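For reference, the structure discussed in these notes is given below.
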Amino acid sequence: MRAIILKDYEKMNRVLCIFEDKKVRNFYPLTLTRPVYDLRCGISTLWEKINQISEENPHLLCRQYLSLVTSQRIEKARVNRLQDLKDEDILFVNGRLLLLDEEIALEGDEKIAIQREEIVYARLNKDTLEKLSFGSLEKIEDTLTKAKQMVKVEEVEVNLLEYPWDLIRLNGEAIKADFRLIGKRGIEGKVAEGACLINPDQIYLAKGAEVQSGVFLNAEEGPIYIGEEVKIRPPTVIDGPSYIGKGTIVDGAKIREGCSVGPVCRIAGEIEESIFYAYSNKHHDGFIGHSYVGKWVNLAALTTTSDLKNTYGKIRVHLKGEAIDTGEIKIGSFIGDHTKTGIGTLLEAGCVIGVACNVFGGGIAPKFIPSFSWGDEARLVENQLDKVIKVARSVMKRRGVRQTEADRDLLKKVYELTAKERTRRKS
């Protein structure tokens, strides 16, 4: 059971509100184009797991420039509608929280749960919120911090994500927890004669999905969830725990344990302990390991990540202008939305590629590539904004998705926000 929804209150009117805190920058470039709670880990996104707490549509708070595109993507949510939160009892939940099997009650006494001084959630009544002058997006975190002086504070131990590699480290466990929560088992789609399913009680194949002859699904070490309209062609091997999202085509791939492939992706070659958010392609040979690939990304033939140093040493990742020691010996790449690689692109362990980059040349790419960059290891120049928008429109159209004004405005804003990164790189 993921959350407790108490039924014995005479009136239950507390609303769920998921918020971002200042650590969204730790997850760049992935969170340049989405709120932190819209990152995928396991079968679903962080907000979808948190939303199990309530039976109502959630309130979502995010950076203002993400408001329109978030409303577009998460239609049932109420995004940045602070006026709707007035005169409400609220359960605030940090969007960096990865809920697995933990229990959080929507109703109950006022309380703030913290983990090493960081707010995990805050259950506050409207009277308390009125005293705090609640009402500004930019001051949500400060408001909740002030509330620590007014209500009970309790230390908890949860998965409050700190960096993007935490998503990779916990992805296998998240798939298992989501599989238990969803509770679906069995074959609703089509499995051809000649396909091999090991431990089928831990495999779910949705309606409209197709597993062709010569495919090997091995759920001995964890569940395998295959969504609607997925097509899996031979010679594919999928090891659990793994998730393949709706409308994805798996074309002769080796999908090792701990992989989540979001909806409408094209996958071939080998991937291991990696997350493909959605609408991204790796339709050729090459290895992607311990990596997070955003949305509308295309990895050309033989694009390969390193995820282990020859020395087996700890890997450093470039974030916020400095190299951060991950404490991990296996880290691949983090690739922002709308980025493309050329054939034979090689990515070092801990490589970070921003939004809307075009990386080519067939050699080892720089370990940090700012958003809106174009070039190879020898020279990077600016990827022109108008061309990025035009290419994005074409790519989206190929998948039956119409580019909206909100999509274009988002790219324009990210282009502005990342200008200093490109300037520093030139210098």
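Structural remarks
- Members of the range 319-351 that are within 22 Å of residue 415 (Cβ to Cβ), under 20 Å from the mean Cα position of the chain (by Cα) and at pLDDT 95 or above: 333, 334, 335, 336, 337, 338, 339, 340, 351
- Any hit, the range 237-253, residues being buried (at least 24 other Cβ atoms within 10 Å of the Cβ), more than 20 Å from residue 304 (Cα to Cα), aliphatic (A, V, I, L, M) and under 20 Å from the mean Cα position of the chain (by Cα): yes
- Looking across 161, 167, 129, one residue alone is within 20 Å of residue 62 (Cα to Cα), crowded, with 22+ Cβ neighbours inside 10 Å and either at pLDDT below 95 or touching an Asp or Glu at 6+ places or on another chain (Cβ under 6 Å) (or both). It is 129.
- Residue in the range 212-220 that is modelled with pLDDT of 95 or more, hydroxyl-bearing (Ser, Thr, Tyr), surrounded by 15 or more Cβ atoms within 10 Å (Cβ to Cβ) and not assigned by TED's automatic domain parsing to the domain that holds residue 42 present: no
- Exactly one residue among 373, 394 is under 17 Å from residue 336 (Cα atoms) and hydroxyl-bearing (Ser, Thr, Tyr), and that residue is 373.
- The one condition in (1) part of a loop (DSSP other than H, G, I, E, B); (2) farther than 30 Å from residue 219 by Cβ; (3) among the acidic types (Asp, Glu) that residue 157 fails to fulfil: (2)
- From the list 416, 405, the one residue that fits, being surrounded by fewer than 19 Cβ atoms within 10 Å (Cβ to Cβ) and more than 19 Å from residue 321 (Cα to Cα), is 405.
- Restricting the search to strands (runs of 3 or more DSSP E) fully inside the range 59-144 and requiring at least 2 residues that are assigned by TED's automatic domain parsing to the domain that holds residue 46 and in contact with a Cys (Cβ under 6 Å, 6 or more places away or on another chain) gives 90-94.
- Residue in the range 102-120 that is free of Cβ contacts under 8 Å to residues at least 60 places away in the same chain, in contact with a helix residue (DSSP H, G or I) (Cβ under 6 Å, 6 or more places away or on another chain) and over 20 Å from residue 35 (Cβ atoms) present: yes
- In the condition set (1) on the phi > 0 side of the Ramachandran plot; (2) without any contact (Cβ under 8 Å) to a residue 12 or more places away in the chain, residue 420 is compliant with all but (1).
- Highlighted here are the strands (runs of 3 or more DSSP E) found entirely within the range 257-359 that include at least 2 residues which are surrounded by fewer than 24 Cβ atoms within 10 Å (Cβ to Cβ) and on the phi < 0 side of the Ramachandran plot: 266-272, 287-289, 316-319, 322-325.
- Within the range 60-95, the residues that satisfy the criterion of being over 24 Å from residue 132 (Cβ atoms) and in contact with a helix residue (DSSP H, G or I) (Cβ under 6 Å, 6 or more places away or on another chain) are 65, 68, 69, 72.
The values are calculated or read from the model by the stated rules, or taken from the named source; none is laboratory data. Quick caveat, the model's predicted, so the values are computed rather than measured. We place every Cβ from the backbone using ideal geometry, glycine too, and count neighbours over all the protein chains shown.
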